Structures are given as C-alpha cells and as structure tokens.
Amino acid sequence: MIEYALQGTKKYWILIFSLLTVIGIGFGAYMYQLSEGLVITGMSRDVSWGLYIAQFTFLVGVAASAVMVVLPYYLHNYKAFGKMTILGEFLAISAVVMCGLFIFVDIGQPSRVMNILLYPSPTSIFFWDFISLGGYFLLNLVIGWVSLESERKSVAPPKWIKPLIYLSIPWAVSIHTVTAFIYSGLGARSFWFTAIMAPRFLASAFAAGPALLILLTFLVKKISSFDPGKEAIQTLAKIVTYAVILNVFFLLLELFTVLYSGIDEHIHHFQYLFFGLEEYTALVPFMWFSVILAISAIILLLFPKTRQRESTLIFACIAVFVSIWIEKGMGMIVTGFIPSPLETITEYMPTFPEILISLGVYGIGFFILSVLYKIVISIREREA
Amino acid sequence: MGMDRRKFLKVSGLASLSGFGVSSSAQAKDTDSKQTKRWALIVDMNKCREAKDCTDCITACHKVHNVPEIKDKKREIKWIWKETFGHAFPAQNHQYISEEVRNSPNLVLCNHCDNPPCVGVCPTQATFRRDSDGLVMMDFHRCIGCRYCMVACPYGARSFNWQDAKPHIKEINTKFPIRSKGVVEKCNLCAERIAKEQIPACAEACKAKAITFGDLHDPHSEVRKILSENDTIRRKPHLHTLPNVYYIM
C-alpha cells in the first residue's frame, strides 16, 4: 500500500518536502545539542524537565484520544465513525512516534537508551510507560494497516483483528494513566501529587485529540474527495464539548482542594501559574490566554447553532487544541518545578535550538501522518 | 522485647508481601543488625554556625570528587552546599525564628535515605541503594540522563551534567572518575574512602568538628550516642524518605 504515498499531486510533494526541511533543521539543531550537551536548552538544575517532556505528555494524550472514535464504532456499532477510525488510529501512530522521539531528545546519554531494556526496572514508571506506549504503537499499527489492506481489497477484515481492537480500547486509557503516574506519585512535587492527574490528563486528551481530528478531517475534506460525513464530525464535536467541560471541572476540583486546605506548598504552584510569584510571571499571560480560549470554546460548542456551523466549529476546535496545548505543553510540567522543593524560584523558557528540535520532532510526526493519510485518501478516492 | 520485635517483623513482612508495606519494611531495615551497617552523618549546626563563612567541607568534597565549579547557577553541580534555614527546612520555618538560625546557612547534601525516591524511579537501576550499608550510590556509566531522579528527590541533592565538566575542574583528582556530560551525579558519602576505612572528606576537613560520621547499627557508635543525647531533626520527615543525615540545631 505504501506505493500510494509515492505518487501525488504537486501540493502533496510540496508538503512532503516542507516537512523534510523542518525535520532537517531540527536534526541539525539536535546535532548541536549532541555535541554541546543539554546546556543548549533552557532547562536547569531546578527545572530539570522542560519543553521536550511537556510535549511528550501532551502527545500521549493525542495518541490516547483515538479511542474516542474506536470505542463508539466497535463497542456501540456507531456506523457514522466507520470511515473515521482509521484516521484516529493513524493519528495515534504518529503521536506515539513523536512521544518516543521527545523522550529520546531529552535524555543526556542517548547512546545508552537501550539500558532501559537491558536493566528493566519495574519500580520505575518509565518502564511501564515504555511497555504501554510500545504496545499501543504496535496495536494501532497492526489494526490500522490490516483494516486498510482489507478495505483496499474490498474484503472483510480478518476475525483475529477484533480482539486486538477490543484490547486497544483499555490500552489507550492505560497509556495516559501511566503517563500521569510518572508525575502523581512523587512526594517531592506537590503540584503533581494529586490523584486527579490521570483523570485530568484523560479529559484534556479526549478534548484536544478529537479537536485535532476534526480539524484534520476538514483538511482532508478540502484537499480530496474523501468525506467522513457531517454526522461523524458533529458527534466528535459533542465528544470534544463533554471532554473540555470535564477538563475544566477537574481543574476546579483540584483548585478547591488546594485553596480550601490552604497548604502553602500546594498553593504556590497555582499562584505561580496564574498570578506569578514575586517578579516571576513568565507563564501568567499564557495561562490566562488558555483560560479565555477554553471558555470561548465551551460557549461555541454548547450552542448547537455555533457547533453545527463549520466556521465556528473550526474556531472552537483550534481554541480547544491551543488552550490544552498551553495547559499541558507549557504549564503542567514546568510548574511542578516552580517553586522547587527547596522553595527557590528558577524560571524556564525554552531556547531557540530547543524549539527547533521540538519542531523537528513535530515535523517527523506530521510527515508520518501525511504519508499514512495519503494512503487512506488514495484508497478511498479509488473506491469513490 | 523479643516478642514485640518478632511480632513487628511478622506484620511488616506480611505488609511488604502484599506490596503495601513499603514504609514499614523500610523501618524494619532500620533496626539494629550486626551483619549490616547503616552509615549516617550528624551535622551540629551550633558548631558550624560559629565557624561563620568556613567552606572547608565543601572545598574538600568537591576537590576529591572532581566536582566542577560552574558559575551559572542554572547549570551548577554541587554535592554538599549551604542553604538558608527556610530552604533547607521549609516545613520547620516560621517568622519568629531566631535571627541567628534564620540567617546562618545550613549544610545540605544527599540524605542517603532508607526509603530513597530517586532509586525507585530510576529506569535503569543506575541509582541504587546498597543493602550492606544503606548508601545510595550511582553508576555513572549506566545512567542515561533522563533526570527522573532529580524530579523525585525532595532535597535537590542531585545535579545534572548539562555540559562537559572538564574545563570547569581546577585540579583533577586522577583517583576519582570525571563524569561525562549527560549524566546525573550526587554525594556518595565518600564510598571510595569508606572502603579504605577513612571517614568522609567533609567530616575530616571540618575543623569545628561539626560533622560526625558513623554506623547507626552499632549501638556503641558515636553517632548513636549523639542521637540519644541531643535533639536532632531531619529534612522533610513527613515524606517518609527516612534520611540518614541528622541535624542538631
């Protein structure tokens, strides 16, 4: 099927080569990091994880969100998602690849990465994340590829694929739960030390992931004759609505516990996030922007009229995606370090090379996504 | 006594079997034993404060372990250093504390916890706890530099080599490894000196005799004597990491 990705319009090749350029620049920046060390990033002794690990966390959510199309279709026989599941599964594949790469670019001794397998350590949540992400990648690759292959040959998918699909549903939940456990089990970091981390991660994932899927679907619709259908998009929009409201609700639950208990070491982080500590206010404007986006998106999604109108739906989906990207991709990880366990404040801002490397990883993800979606579109167009 | 102890071990054994007894089994590890040692440090802050701006212990430690001197605070590497009372003991701090205590720096280093969070999170067992003497050690050649241990440590005891350390080491001690860039490091309580029956470099260098080193499993050791005769505190006891560094305030 890969041959479908090797033939395309001029626009397709422009996209492919633009992505390759972004990847190339990111690779160059990574070579610089490899020779100089992580000193070229904005991370520090106090803020020991930054943009890379935050992107990893955010993208685990995007990967997990495929379950939001797989579950209604396979468990509830919701036919409208029939054409959509493959898009969700392929989005998951590219997101998991990016997750792996973001971990890889973050480690100080990449040549020793296999030590994770050579000395498996079940007490480390990283070990379990490795298993859950690896398994999820394989599940989606097999399920996506086999279903598409059968579609191309116009035959029913083999029976053995069904159990794998059922397995992929709880597995999707597990990848983001385990990722939340990386943070929520550490007594040293009061900001993350809360049982609501996993539910918050899942809610934000099920909002941002399907929002991105809606946007990608509109894009696919625009550039090809393949249309997954209005009903599918509208159902996804309802899923986004519920999830984004749940995400805000969970945040408010957390805020109640933190503020009502009045425990300093919990309050300080939220204070830093939304108001700043002393003169340190780097994240404040971003966080309020995220709040405004979330509120506007909820309003637009709640009213059926604006949810159904294409232009406002697109705006709402962009707002949800950006809002949650700021929340998870900027605020969530870094704020765990500010203030530090010794109550000192060191701020964090990613450096230029760090951003280039991150863009390079996103470039690889979108490259894989483009190739996979191209194959889907070509097969669907042939059918039409 | 014998009966109580047996009962306790039974209960803690059951608890750890079920997987929920991490804390009680850690305490069981902490009981006296003739076979194992439990190295500990006691810092007498009264003696340390009198010496004012003295940094002999820090200099000695950093010299013997090739700890680079990096000016940029964000990339700094330190095994033993000074923190204000509020930073070292945030939970014990209050606004009416004596000026003397508030303003004088406190020595901090790796606590060589009995229940070390850094060891649990390490995905390669590059950080491990030696059962024979309780030291929390590092294999610099196995560490992949993921920095999960730095995230898990509640004491900020760990440093990462953000860059090549060599240009920042004044005098290289050829008897101790220089860490490559991209790995984490921390105080090893001078495991290499203990192996030669020497006391840690910081304790040896302290002219005020403010640092006492010894074995908690030996009921006749000096550290046990000091602990039984003085009021001592540990950093962040509520986290149940069970530090082996004690402070006399």
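If you scan segment A:264-296, which residues turn out to be free of Cβ contacts under 8 Å to residues at least 12 places away in the same chain and within 14 Å of chain B (Cβ to nearest Cβ)?
Result: A:264, A:267.
Sort through A:47, A:39, A:69 and tell me the only one that's crowded, with 19+ Cβ neighbours inside 10 Å and free of Cβ contacts under 8 Å to residues at least 24 places away in the same chain.
A:39
Kindly indicate whether any position in segment A:199-212 is surrounded by fewer than 23 Cβ atoms within 10 Å (Cβ to Cβ), under 21 Å from the mean Cα position of the chain (by Cα) and without any contact (Cβ under 8 Å) to a residue 40 or more places away in the chain.
no
When segment A:202-237 is examined, which residues are found to be part of a helix (DSSP H, G or I) and either touching a Lys or Arg at 6+ places or on another chain (Cβ under 8 Å) or small (Gly, Ala, Ser) (or both)?
Answer for segment A:202-237, where residues must be part of a helix (DSSP H, G or I) and either touching a Lys or Arg at 6+ places or on another chain (Cβ under 8 Å) or small (Gly, Ala, Ser) (or both): A:203, A:204, A:205, A:207, A:208, A:209, A:211, A:223, A:232, A:234, A:237.
Please find, among B:12, B:16, the residue that is surrounded by 19 or more Cβ atoms within 10 Å (Cβ to Cβ), modelled with pLDDT under 85, more than 22 Å from the chain's Cα centre (by Cα) and not in a loop (DSSP other than H, G, I, E, B).
Numbers: B:16 fails: surrounded by 19 or more Cβ atoms within 10 Å (Cβ to Cβ).
Criteria check complete, one pass: B:12.
Which residue, of A:157, A:210, A:110, is more than 23 Å from residue A:325 (Cβ to Cβ) and at pLDDT 95 or above? Steps first, please.
Working: A:157 fails: at pLDDT 95 or above; A:210 fails: more than 23 Å from residue A:325 (Cβ to Cβ).
Result: A:110 is the single residue among A:157, A:210, A:110 that is more than 23 Å from residue A:325 (Cβ to Cβ) and at pLDDT 95 or above.
Filter segment B:229-246 for residues that are in contact with a His (Cβ under 8 Å, 6 or more places away or on another chain) and part of a loop (DSSP other than H, G, I, E, B) and give the result.
First, pick out the residues of segment B:229-246 that are in contact with a His (Cβ under 8 Å, 6 or more places away or on another chain): B:243-245.
B:243, B:244 - these are the residues of segment B:229-246 that are in contact with a His (Cβ under 8 Å, 6 or more places away or on another chain) and part of a loop (DSSP other than H, G, I, E, B).
Could you say whether any residue in segment B:165-183 is part of a strand (DSSP E or B), touching a residue at least 12 places away in the same chain (Cβ under 8 Å) and buried (at least 23 other Cβ atoms within 10 Å of the Cβ)?
no
Can you go through B:157, B:203 and tell me which one is touching a strand residue (DSSP E or B) at 6+ places or on another chain (Cβ under 8 Å), surrounded by 22 or more Cβ atoms within 10 Å (Cβ to Cβ), small (Gly, Ala, Ser) and part of a loop (DSSP other than H, G, I, E, B)? Break it down stepwise before answering.
Working: B:203 fails: part of a loop (DSSP other than H, G, I, E, B).
Testing whether each residue is touching a strand residue (DSSP E or B) at 6+ places or on another chain (Cβ under 8 Å), surrounded by 22 or more Cβ atoms within 10 Å (Cβ to Cβ), small (Gly, Ala, Ser) and part of a loop (DSSP other than H, G, I, E, B) leaves just B:157.
Scan (1) at pLDDT 95 or above; (2) of a type outside the set (D, E, K, R); (3) over 25 Å from residue A:346 (Cα atoms) for the single condition residue B:62 breaks and write down its number.
So residue B:62 meets the others, but not (3).
Quick one: residue A:115 ticks every box in (1) under 27 Å from residue A:32 (Cα atoms); (2) more than 8 Å from chain B (Cβ to nearest Cβ) bar one, so which box is it?
Evaluating residue A:115 over (1) under 27 Å from residue A:32 (Cα atoms); (2) more than 8 Å from chain B (Cβ to nearest Cβ) leaves (2) as the failure.
In segment A:280-384, which helices (runs of 4 or more DSSP H) lie fully inside it and hold 1 or more residues that are within 22 Å of the chain's Cα centre (by Cα)? It would help to see each step written out before you state the result.
Details: elements: A:284-302, A:304-308, A:310-326, A:352-383.
The qualifying helices (runs of 4 or more DSSP H) are A:284-302, A:310-326, A:352-383.
Please specify each residue of segment B:162-191 satisfying the condition of being more than 14 Å from every other protein chain (Cβ to nearest Cβ) and at positive phi.
B:189, B:190
The values are calculated or read from the model by the stated rules, or taken from the named source; none is laboratory data. Because the structure is predicted, anything quoted here is derived from the model rather than measured. Positions of Cβ are backbone-derived with ideal geometry, glycine not excepted, and every protein chain shown enters the neighbour counts.
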